[in-house]
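Only the coordinates and a few stated rules stand behind these numbers; no lab work does. These figures come from a predicted structure and were not determined experimentally. Here the Cβ is made from the backbone with ideal geometry for all residues, glycine too, and neighbour counts use every protein chain on show.
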């Protein structure tokens, strides 16, 4: 008996003293059954459960249809639902000292890999759990009570082979009996570790490994941040560790919302550093399970920008060489970009863009459009980060047409904006701000964090971020400038001199005192200043920490450009012809993250080829409001300000889909609650109802509506178009024109005024007839040739001149033998 007890003790010690074979965060050792002296007293045959056959041909046919679809995870396996537990499956064996061992073999014919999900995983201290394949070439574990989680769930990474043994060891003196229940077996029908099948080495030929120079130069930290995710048990996406303002290595991972549809966050598995050490692909797959962890908790997600933020159950240790990427929520497009990803479940790749990002909407997702040169993305890249020129995450991959070998016009992709995700749907469960800004300092950007880098110097004060001024002010106003300092040194920071200047002028200094330990931050507010019009640079810097010398001056200063403008001057026109959407300086507010305003290519009015649209036809969440907001516009003190826009809407049956327009005079902070335009259902409709999805196909399905904005003369304003969905049919707006109108009287009396707008026009003109009766309009070209002779019958007369070529024409207003002529330009 003593000999057996001693033998078991030696095996237990081996769990801690022998280097672990593989490391999905696990705790070393080897299975007890591997010990020759123990194996002789164990049963030779194991109970085996054989999984139902998998229809690989059907799965491969489905995969072929989705070969280029980046809006779903890249599938490698078929999930098989099971219910195997310590109590209903497998075999228990008792060791002579009272300890016990449970084993179960699971076989799925033809599987390249097997991986498992556990609906129950609760282990007592001292117990161990392993998984291994038939020839013991791959072993996962030991997993212990350290792997317990609040969800009581667990998952494992992929093991090569079609048969895996699960082994659980429980000492006799544990405080409670462990519980393990397997609820999912994933049959890997795609061999991601073999060149011969899609997976390792399966990415397109244009893709570049992250070790390739010069592509990867300067991006080593960001490469450390990116990981591959096993989601839903059977699919792959990409994500990245992302920093927060506390710089505390909270293990947040940012990925795509469309990767999270299975809602099995507790069973997600994260692969770090699955990459080649050389520019060329290695002959065999690099190890994937040396740096793997499992389990996470959902923090927030939103479909409006397709983001998903999870917190891993375990913090990656320094052996993983982790890096937490910085981020930017700036709305200014990046001047260049870098994507790091796992295309087609291949080893990590890098893609570069030398062109500026474009603000765009893609399938309703507020995105940055990235224009690629040579490299691109593929399915499996979903959720991967896109970095700006300052190495900060600005979005995560939603989708796009790019693929190796396509024409340059198709080499682009769309990344959901961090700028939009910041506020998301307005709650902690639908936005990033609560999680990425625990310090509450609301920075526009932060840099990355290396939790395992060189230790900090003793005295190092950092000018961390500038929170005020913001990028743009639409009027001259008084503001209090704000900066945030951070202690980046090891000594406690107790005093600091903080200064700023504007445009290199006289510096303003404030002496701060307090107590900050390493990584802590403090906000500093300067006295109020009055802004002046124009473009400016705000320059802040800090010095003399604790009255001494800063040992790292590289982080002592920051600059920020900002613009003070009363807004765009009139005339203002927006025809939505540019592919960027929303247009420059416009905003979309999409509270529920669902369908929202989008640019439609084929629904323009007249000579136009595009318009802004709300898809009420497919929007089954009634009552939802979506907002499209103009840039700031400056109306001088002149009166007679008119706005026209074209609208097209068809009811489905009798649903009252609604369009309203509101005005803000405080730069969009608040909007007057009384709408200046309010039409719904039949009053909004421009054509007859139909149960078919509406796309206007002729000019008769459009209407030009006119609004008098003269009451806002002398103000800077923003205009908000608000749609309210009632699950009816589609709405379109186009050709928004705002301009000052000056009456052209000639020999008509001042009382007998008329107005003609817009001018220039794209072919649709309104003639406003104020008091005149018996009025005739004659339109001539520059040769004097008569083109039209029209009698006015309404106050607002909308003329369709779309058949006229671009050029100069003359409109004559004739009333009681009096005449006035005004030139008008048709310009598309």
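Cβ neighbours within 10 Å, averaged per peptide: list 317-326, 672-681, 695-704 in order, most packed at the top.
Highest to lowest by the protection proxy: 317-326, 695-704, 672-681.
For a Förster distance of 22 Å, can you work out the FRET efficiency between the beta-carbons of residue 321 and residue 213, rounded to the nearest 0.05?
Calculated value: 0.70.
Which log10 I(q)/I(0) values does the stretch 2-188 give at q = 0.09 Å⁻¹ under the Debye formula, counting every alpha carbon as one identical point scatterer?
For the stretch 2-188 at q = 0.09 Å⁻¹, log10 I(q)/I(0) is -0.35.
Quick one: helix 2-17 against the long Cα principal axis of the chain, what's the angle to the nearest 10°, folded into 0 to 90?
The helix 2-17 is inclined about 30 degrees to the chain.
Just to be sure I follow: if Rg is taken over the C-alpha atoms of the chain and Rh is the Kirkwood radius over the same atoms, what is Rg/Rh?
1.07
Can you work out D for the stretch 754-826 in µm² s⁻¹ from Stokes-Einstein, where Rh is the Kirkwood radius over C-alpha pairs, the temperature is 10 °C and the viscosity is 1.306 mPa s?
129 µm²/s
Taking the beta-carbon count within 10 Å as an exposure proxy, list 690, 812, 276 from fewest neighbours to most. Provide the component values of the computation, followed by the final result.
Values: 690 12, 812 15, 276 20.
Starting with the residue having the fewest Cβ neighbours, the order is 690, 812, 276.
What's the ranking of 337-350, 176-189 by average number of surrounding C-beta atoms within 10 Å, highest first?
337-350, 176-189
Just order 31-43, 291-303 by mean Cβ neighbour count inside 10 Å, highest at the front, would you?
291-303, 31-43
Would you mind estimating how fast the stretch 569-740 diffuses translationally, via Stokes-Einstein at 4 °C and 1.567 mPa s with the Kirkwood radius over Cα pairs, in µm²/s?
80 µm²/s
In Å and whole numbers, how far do the C-alpha atoms of the stretch 463-564 stretch along each principal axis, longest first?
The Cα atoms of the stretch 463-564 stretch 43, 20, 18 Å along the principal axes, largest first.
Give me the distance in nm between label points sitting 7 Å out from Cα along the Cα-to-Cβ direction at residue 125 and residue 689, one decimal.
With each label placed 7 Å out from Cα toward Cβ, I get 7.1 nm.
With each pseudo-label sitting 7 Å past Cα toward Cβ, what's the residue 507-residue 812 distance in nm, one decimal?
Going by the 7 Å Cα→Cβ label model, 7.2 nm.
Can you give me the angle between helix 56-65 and the longest principal axis of the chain, using Cα atoms only, in degrees from 0 to 90, rounded to the nearest 10?
30 degrees
Rounded to a whole number of µm²/s, how large is the Stokes-Einstein D of the stretch 217-323 at 25 °C and 0.890 mPa s, given Rh as the Kirkwood radius over C-alpha pairs?
The Stokes-Einstein estimate is 170 µm²/s.
How much length would be gained if the chain were fully extended between residue 796 and residue 458, taking 0.36 nm per residue of separation minus their Cα-Cα distance, in nm to one decimal?
Between residue 796 and residue 458, full extension yields an extra 114.2 nm.
Can you show me the helix-derived [θ] at 222 nm for the chain, built from DSSP H runs with n ≥ 4 at -39,500 (n - 2.57) apiece and divided by the number of residues, rounded to the nearest 500.
-1500 deg cm²/dmol
For the chain, give me the percentage of DSSP beta bridges that are antiparallel, rounded to the nearest 5 percent.
For the chain, the DSSP antiparallel bridge percentage is about 95.
Explain nothing, just the number: relative contact order of the chain, from Cα pairs under 8 Å at least 6 residues apart, as a whole percent.
8 percent
When the chain is fully extended, how far beyond the present Cα-Cα distance does residue 406 get from residue 554, taking 0.36 nm per residue of separation? Walk me through the numbers before you get to the answer.
Values: separation 148, 0.36 × 148 = 53.28 nm, distance 4.33 nm.
Result for the pair: 48.9 nm of gain on full extension.
Considering only DSSP beta bridges with both partners in the stretch 463-564, what is the antiparallel share in %, to the nearest 5?
The answer is about 95 percent antiparallel.
Between residue 280 and residue 39, what is the FRET efficiency for a Förster distance of 35 Å, r being their Cβ-Cβ separation, to the nearest 0.05? Spell out each step's value before the answer.
Values: r = 42 Å, r/R0 = 1.21.
Result of the calculation: an efficiency of 0.25.
Nearest 5 percent is fine: what portion of the DSSP beta bridges confined to the stretch 208-436 is antiparallel?
Of those bridges, close to 95 percent are antiparallel.
Within 10 Å of each residue's Cβ, count the other Cβ atoms and sort 62, 577 from fewest upward. Walk me through the numbers on the way to the answer.
Working: 62 10, 577 17.
The order, fewest Cβ neighbours first, is 62, 577.
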